[in-house]
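Engineer: Take a look at this one; I'll ask things after.
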2 protein chains.
Amino acid sequence: MLTDLEIARAAEEKAQSIIELAEKLGLPTQELEPYGYNKAKVKPAALKESSNKGKLVLVTAVSPTPAGEGKTTTSVGLADAINARGTSAALSLREPSMGPVFGIKGGAAGGGYAQVIPMEDINLAFTGDFPAIAAANNLLAALIDNHLHQGNELRIDARQIWWRRVMDMNDRALRQITVGQGGPLNGFLREDGFDIVSASEIMAIVCLASDFSDLKERLGNIVIGLNLDKQPVTARELGAVGAMAVILKDVMKPNLVQTLEGNPAFVHGGPFANIAHGCSSLVATRAALSVADVAITEAGFGADLGAEKFFDILCRQGDLKPEVTVLVATIRSIKYQAGVPVKELNNPAPEKLAEGIVNINRHLENLKDVFGTRVVVALNRFPSDTDEEVATVQQLLDCPVVPATHFAEGSQGALELADAVLGLLAEPAPEVSFAYDLADDYQQKAKQVAQRVYHADSVSFAPSALRRLKQIEEAGYTGLPICVAKTQYSFSTDPKALGAPEGHELQIRQVRLSAGAGFVVLVAGDMMTMPGLSAKPAALGMDIDDEGVISGLS
Amino acid sequence: MLTDLEIARAAEEKAQSIIELAEKLGLPTQELEPYGYNKAKVKPAALKESSNKGKLVLVTAVSPTPAGEGKTTTSVGLADAINARGTSAALSLREPSMGPVFGIKGGAAGGGYAQVIPMEDINLAFTGDFPAIAAANNLLAALIDNHLHQGNELRIDARQIWWRRVMDMNDRALRQITVGQGGPLNGFLREDGFDIVSASEIMAIVCLASDFSDLKERLGNIVIGLNLDKQPVTARELGAVGAMAVILKDVMKPNLVQTLEGNPAFVHGGPFANIAHGCSSLVATRAALSVADVAITEAGFGADLGAEKFFDILCRQGDLKPEVTVLVATIRSIKYQAGVPVKELNNPAPEKLAEGIVNINRHLENLKDVFGTRVVVALNRFPSDTDEEVATVQQLLDCPVVPATHFAEGSQGALELADAVLGLLAEPAPEVSFAYDLADDYQQKAKQVAQRVYHADSVSFAPSALRRLKQIEEAGYTGLPICVAKTQYSFSTDPKALGAPEGHELQIRQVRLSAGAGFVVLVAGDMMTMPGLSAKPAALGMDIDDEGVISGLS
């Protein structure tokens, strides 16, 4: 089989221009801002008039193997297959972060015959959203240090500055740094650090804001740290909002590209799925809903993290009503949940499936019981999967299980999946429900998520986390949803506790207020907000020739 | 008078699309990559066939006041006026750095009625060149620290890493930092720092490379520091070139925009004028030469720095043959050189002009005698200049002195200047000459520039600078041009030594090898490669409304 890049490049050569696609979608081309011939930003005015005509489908996954289960490829394959069946479907997907492209991960625009193009551009700087978010983030950081340097009128406590700098790079050396060295001309010495851009609160804000006005309001709400009276200091008080918004002037316009099969994809926003909610932007999802009968979006990590936040944070705030959830599973993931080592996952082991299936059942149960959604299991087939294994999984599960081969076959490999989804969409959807009530206090919210979604027995808070929660509540930040940062490999906080663990404790070590994004982050376990490069980073295998042909980007 | 932004916005509303402009220029539109409707990158193929049909004009300036003398506005006004006279002219200008836009400087796309548009975009992320250069620079930095972390096969001496990180922000806190804190998982602890993106060697490389292949060669030549045997380690040895080139895949395509009057401007590349050569890219200047009869470009700071490097580095390497030099002066600058304090520069003082004129004469003499170029002095008029002052300057100087009011009047204010330039261009141009021979050793080169251009008596090197020079020569890096980093306010290294100082000593404190860019930097005096924000940064006065209308960007 060809590489992802070869497949993408061949499709790019014969693809329709983005203007042609926009015209098909009925978008007024004067409201389009083309970036080259194959990508465009869409101004809000183009989308305002057509309200949400489409029905929303969420794609989420079981607890993943380290390689991931193929949420993006399944989303793309499903969209192409629904279009192939004659119903219009559009995607709302996350923008890949460039940093990991040079690490181990490679690209993140789908794969095989289920990709969005132009693949190289999407994986690199694309339309400049990440650089703009980085610049806005770092302008705020520079204004904070400048404020300290120029007299510190707001009495910011230099020991309690929460706002970090960001860079779209896997760079472990920047995780923990000291700035302001070299004497008084260089400002005050203090400890700081860089996160990757996806982890910037501004990324979460861009993804949750409903329009530019809301973006500015949220930028102003950002709490950068505490003053010497232990009171929160906001970006608004620093006077930073206008300039940050100037930098972000184009960032709220969703990016329109297309699948290999020429169907529309809004690829916009890429927040972390641990310290943020991990979904593409609200404006992109609304854009998809406005141009097609079916809009498909995905949520990061497994359903315990991604789907939970999709419902409890994004749907609640953005008034989205998903009608069907596609739970992506693989035979490999079921074996992995049964304890099969990673390097043996491609070996047939039908006898292990009954043991690993408990993970899928737990996710199914959550999606149905907690969030009230209808579920189709998409079994993303790998060449190593045997027919016996697939049949076993279908027997073991008490819901529609549809094998899909879109990676190798494009839309033709996902027609059955499309039919299953379209079948459910033809019937009235149940009301969506949530894991907790926004009026609950934060400890109650954590308890609800821990017990109902993670199936833990209890929640504990480190003393410093409790103190921070109290401080946040006393400062008036109540009623926000929570955003739990936890390992994606287990329902518990122990990445090795596979299957469907019970009786565990959710230990919250740290609490962070994201007042601009509008949630409180509860950190359980280690949290990596700046990845590193491996011993053999992908960067070392990349090249581009004089004709601009890239190699080594997968 | 309207603000720069108001003038720009009014013009933008009725401007031709960039496709229309390209068609007028005879550029095949399929070789254009539009970014929105008003800016485009031009692929090299579009420019390859038409060789340099135009004649080149350099715009440089006298020793500046802190506010600058208006090189960019004069370049724009001259281009518009030449076009108004019926001869085609195109600009090659530097891209503004975003960092200073939020500091004190405001925008840098010309001003008044002599601007390039879209002004806001050009001053912000534009077509993504600066973010791409930052990412390539920082990927190399991450690969260096990762190499140390993963076993240090190349035996890089962590105490001798010269490659710094960059950010397009005025952020003094990042000038000197410690990275790798927090234990072994975060790499090795070492001192580091951030420069502004314009100061990245990659920026200089982009501006000097003749094509993509040359870019890659130069990226490979970058020396990141020394190994434990005191031998240079290159980016090529680190395996970083391919991935850096992938990030920079679009950066060699010059950006096409237009003046307020609809004439073409290639705005591309923005290297520092101290540790680099301070000119827009070679490919942009070649592009301007290929589409018009007259190409106009500018060189940073005063002529002692900008023009010297333009001739000795860029023209020599790029085989450019400028035919006329426009030396921009202001009545204000002449008074300033006579010792008038900055806040009194707008008061009439004709009696001071004879004293300050020595600075212009020194620049004139250098341009003619050292570089063999013909010169027109453009007297960029301010409203406060009296007719008596202008007449006095014309009497005092022994060359054409043409007052110009393009800031207030656009092309109509620079017609006389255009006529003077066109008059000279109609006659055969003398051969360009250089300040030194490339075969000289670095100390001889420094002596030539010091004596012939700065009119110093002597050159001295700090012992560490001499050691570094010896090291560089022993490693085989000989025959490169030098790039002196010196104050722009004086011919000497003392910014307070105004006029035409003599008898001074050029003291070289530090030597840096820029093997990728292809020059050796000799640092005389303090050098600021990361600006800071002021007590009242421009950022605090900026805003953008829900319709995208920006205010406070000047």
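The values are calculated or read from the model by the stated rules, or taken from the named source; none is laboratory data. Given the structure is predicted, the values throughout are model-derived calculations rather than measurements. Counting neighbours? That spans all protein chains shown, and the Cβs are built from the backbone with ideal geometry, glycine included. Quick note on the areas: whole protein, heavy atoms, side chains included, nothing else; ligands and nucleic acids left out. Shrake-Rupley method; radii C 1.70, N 1.55, O 1.52, S 1.80 Å.
Engineer: Output the residue which, of all residues in the range B:171-184 that are at the interface with chain A (Cβ under 7 Å from one of its Cβ atoms) and in a helix (DSSP H, G or I), is most open to solvent (accessible area, probe 1.4 Å).
Structural biologist: At the first step, the residues of the range B:171-184 found to be at the interface with chain A (Cβ under 7 Å from one of its Cβ atoms) are B:171-182.
Retained after the next criterion (residues that are in a helix (DSSP H, G or I)): B:172-174.
Numbers: B:ARG172: 28, B:ALA173: 3, B:LEU174: 0 Å².
The qualifying residue most open to solvent (accessible area, probe 1.4 Å) is B:ARG172.
Engineer: Right, something else. Give me a count of the residues in the range A:149-170 that are in contact with a strand residue (DSSP E or B) (Cβ under 6 Å, 6 or more places away or on another chain), open to solvent by less than 10 Å² (accessible area, probe 1.4 Å) and within 11 Å of chain B (Cβ to nearest Cβ).
Structural biologist: 2
Engineer: If you don't mind, another one. Take the range A:240-269 and flag every residue that is open to solvent by less than 10 Å² (accessible area, probe 1.4 Å), assigned to a loop (DSSP other than H, G, I, E, B) and not small (Gly, Ala, Ser).
Structural biologist: Matches in the range A:240-269: A:LEU248, A:VAL251, A:PRO254, A:HIS268.
Engineer: Quick one: A:SER200 ticks every box in (1) closer than 20 Å to B:LEU540 by Cβ; (2) touching a helix residue (DSSP H, G or I) at 6+ places or on another chain (Cβ under 8 Å) bar one, so which box is it?
Structural biologist: The number of the failed condition is (1).
Engineer: Need the failing condition index for A:LYS253 against (1) within 14 Å of chain B (Cβ to nearest Cβ); (2) more than 30 Å from A:GLY410 (Cα to Cα), just the number.
Structural biologist: Here A:LYS253 meets the rest and fails (2).
Engineer: Hey, B:ASN137 hits all of (1) modelled with pLDDT of 95 or more; (2) touching a helix residue (DSSP H, G or I) at 6+ places or on another chain (Cβ under 8 Å); (3) at the interface with chain A (Cβ under 9 Å from one of its Cβ atoms) but one; which does it fall short on?
Structural biologist: So the condition that B:ASN137 fails would be (3).
Engineer: I've got another one for you. Consider the range A:529-554. How many of its residues are without any contact (Cβ under 8 Å) to a residue 24 or more places away in the chain and among the hydrophobic types (A, V, I, L, M, F, W, C)? Please lay out each step first, then the result.
Structural biologist: Looking only at the range A:529-554, we keep the residues that are without any contact (Cβ under 8 Å) to a residue 24 or more places away in the chain, and these are A:535-536, A:540-541, A:543-548, A:552.
Now drop any that are not among the hydrophobic types (A, V, I, L, M, F, W, C), which leaves A:535, A:540, A:544.
The qualifying residues number 3.
Engineer: To continue, here is another question. Of the conditions (1) part of a loop (DSSP other than H, G, I, E, B); (2) open to solvent by less than 70 Å² (accessible area, probe 1.4 Å); (3) at pLDDT 95 or above, B:ALA420 clears all except one; give me its number.
Structural biologist: Result: B:ALA420 passes all but (1).
Engineer: Here is a follow-up. With the structure loaded, tell me whether A:GLU201 is within 15 Å of A:GLU153 (Cβ to Cβ) and in the same structural domain as A:LEU140 (by TED's automatic domain parsing) or whether it fails that test.
Structural biologist: Working: within 15 Å of A:GLU153 (Cβ to Cβ): no; in the same structural domain as A:LEU140 (by TED's automatic domain parsing): yes.
Taking the combined requirement at face value, the residue does not satisfy it.
Engineer: Looking at the range A:515-527, can you tell me whether even one residue there is at pLDDT below 95, within 14 Å of another protein chain (Cβ to nearest Cβ) and within 30 Å of A:ILE313 (Cβ to Cβ)?
Structural biologist: So far as the range A:515-527 goes, yes, one or more of its residues are at pLDDT below 95, within 14 Å of another protein chain (Cβ to nearest Cβ) and within 30 Å of A:ILE313 (Cβ to Cβ).
Engineer: Now for a different question. Just to be sure before I move on: is A:ALA108 more than 21 Å from the chain's Cα centre (by Cα) and either within 25 Å of A:LYS249 (Cα to Cα) or touching a residue at least 24 places away in the same chain (Cβ under 8 Å) (or both) in the structure I sent?
Structural biologist: Values: more than 21 Å from the chain's Cα centre (by Cα): no; either within 25 Å of A:LYS249 (Cα to Cα) or touching a residue at least 24 places away in the same chain (Cβ under 8 Å) (or both): yes.
Here the answer is no, as A:ALA108 does not meet what is asked.
Engineer: Can you tell me which of (1) assigned to a helix (DSSP H, G or I); (2) in the same structural domain as A:ALA240 (by TED's automatic domain parsing) is the one A:ILE122 doesn't meet?
Structural biologist: (2)
Engineer: Just to be sure, is A:ASP195 more than 8 Å from chain B (Cβ to nearest Cβ), closer than 21 Å to B:GLY99 by Cα and either charged (D, E, K, R) or out of contact with any helix residue (DSSP H, G or I) (no Cβ under 9 Å at 6 or more places or on another chain) (or both)?
Structural biologist: Working: more than 8 Å from chain B (Cβ to nearest Cβ): yes; closer than 21 Å to B:GLY99 by Cα: yes; either charged (D, E, K, R) or out of contact with any helix residue (DSSP H, G or I) (no Cβ under 9 Å at 6 or more places or on another chain) (or both): yes.
The answer is yes for A:ASP195.
Engineer: Let me ask you something else. Just checking, does the range A:214-223 include any residue being within 11 Å of chain B (Cβ to nearest Cβ), outside any helix (DSSP H, G or I) and open to solvent by 10 Å² or more (accessible area, probe 1.4 Å)?
Structural biologist: no
Engineer: A follow-up question, please. Name the pairs: first residue in the range B:60-89 and closer than 17 Å to B:TYR113 by Cβ and open to solvent by less than 10 Å² (accessible area, probe 1.4 Å), second residue part of a helix (DSSP H, G or I) and aromatic (Phe, Trp, Tyr), Cβ to Cβ under 8 Å, at least 6 apart or on different chains?
Structural biologist: Partner pairs satisfying both residue conditions: B:GLY77/B:PHE407.
Engineer: With the condition kept exactly as written, say whether any residue in the range B:308-323 is within 19 Å of B:GLY110 (Cα to Cα), in the same structural domain as B:THR386 (by TED's automatic domain parsing) and either surrounded by fewer than 24 Cβ atoms within 10 Å (Cβ to Cβ) or not hydroxyl-bearing (Ser, Thr, Tyr) (or both).
Structural biologist: Step one: list which residues in the range B:308-323 are within 19 Å of B:GLY110 (Cα to Cα), which gives none.
No, there is no match, as no residue in the range B:308-323 is within 19 Å of B:GLY110 (Cα to Cα), in the same structural domain as B:THR386 (by TED's automatic domain parsing) and either surrounded by fewer than 24 Cβ atoms within 10 Å (Cβ to Cβ) or not hydroxyl-bearing (Ser, Thr, Tyr) (or both).
Engineer: Something else about it: Just wondering, is there one or more residues in the range A:437-449 that are of a type in the set (Gly, Ala, Ser) and crowded, with 16+ Cβ neighbours inside 10 Å? Talk me through it step by step, then tell me what you get.
Structural biologist: If we filter the range A:437-449 for residues that are of a type in the set (Gly, Ala, Ser), which is where we start, we get A:439, A:446.
In the following step, the residues that additionally are crowded, with 16+ Cβ neighbours inside 10 Å were identified as A:446.
Within the range A:437-449, one or more residues are of a type in the set (Gly, Ala, Ser) and crowded, with 16+ Cβ neighbours inside 10 Å.
Engineer: Which one of A:PRO96, A:PRO100 is more than 9 Å from chain B (Cβ to nearest Cβ) and touching a Pro at 6+ places or on another chain (Cβ under 9 Å)?
Structural biologist: Within the list A:PRO96, A:PRO100, the selection yields A:PRO100.
Engineer: Something else: Please go through the range B:532-550 and give me each residue that is more than 7 Å from chain A (Cβ to nearest Cβ) and over 11 Å from B:PHE102 (Cα atoms), ordered by number.
Structural biologist: B:ASP545, B:GLU547, B:VAL549, listed by residue number.
Engineer: Additional query: Considering the range B:339-370 alone, what residues qualify as being of a type in the set (Val, Ile, Thr) and touching a residue at least 24 places away in the same chain (Cβ under 8 Å)? Walk me through it before giving the result.
Structural biologist: Taking the range B:339-370 and keeping what is of a type in the set (Val, Ile, Thr), we get B:340, B:342, B:357-358, B:360, B:370.
Hits for the range B:339-370 are B:VAL342, B:ILE357, B:VAL358, B:ILE360, B:VAL370.
Engineer: Among the numbered criteria (1) out of contact with any strand residue (DSSP E or B) (no Cβ under 6 Å at 6 or more places or on another chain); (2) crowded, with 20+ Cβ neighbours inside 10 Å; (3) of a type in the set (A, V, I, L, M); (4) more than 14 Å from chain B (Cβ to nearest Cβ), which one does A:ILE482 miss?
Structural biologist: Single failed check for A:ILE482: (1).
Engineer: Ok, one more. Would you check which residues across the range B:10-28 are within 14 Å of another protein chain (Cβ to nearest Cβ) and open to solvent by 40 Å² or more (accessible area, probe 1.4 Å) and list them?
Structural biologist: Scanning the range B:10-28 gives B:GLU12, B:GLU13, B:ILE19, B:PRO28.
Engineer: Working only within the range B:285-296, note down all residues that are out of contact with any Lys or Arg (no Cβ under 9 Å at 6 or more places or on another chain) and farther than 18 Å from B:PRO481 by Cβ.
Structural biologist: First, the residues of the range B:285-296 that are out of contact with any Lys or Arg (no Cβ under 9 Å at 6 or more places or on another chain): B:285-288, B:296.
B:ARG286, B:ALA287, B:ALA288, B:ILE296, listed by residue number.
Engineer: Further question: May I ask you to verify whether B:GLU237 is out of contact with any Phe, Trp or Tyr (no Cβ under 6 Å at 6 or more places or on another chain), more than 14 Å from chain A (Cβ to nearest Cβ) and open to solvent by 10 Å² or more (accessible area, probe 1.4 Å)?
Structural biologist: Details: out of contact with any Phe, Trp or Tyr (no Cβ under 6 Å at 6 or more places or on another chain): yes; more than 14 Å from chain A (Cβ to nearest Cβ): no; open to solvent by 10 Å² or more (accessible area, probe 1.4 Å): yes.
No; evaluated as a whole, the condition is false for this residue.
Engineer: Give B:SER458, B:SER492, B:SER534, B:SER554 a once-over and let me know the one that is open to solvent by 50 Å² or more (accessible area, probe 1.4 Å) and farther than 23 Å from B:LEU314 by Cβ.
Structural biologist: Just one listed residue meets the conditions, B:SER554.
Engineer: When the range B:107-134 is examined, which residues are found to be in contact with a Phe, Trp or Tyr (Cβ under 9 Å, 6 or more places away or on another chain) and within 10 Å of chain A (Cβ to nearest Cβ)?
Structural biologist: B:ASP121, B:PHE126, B:THR127, B:GLY128, B:PRO131
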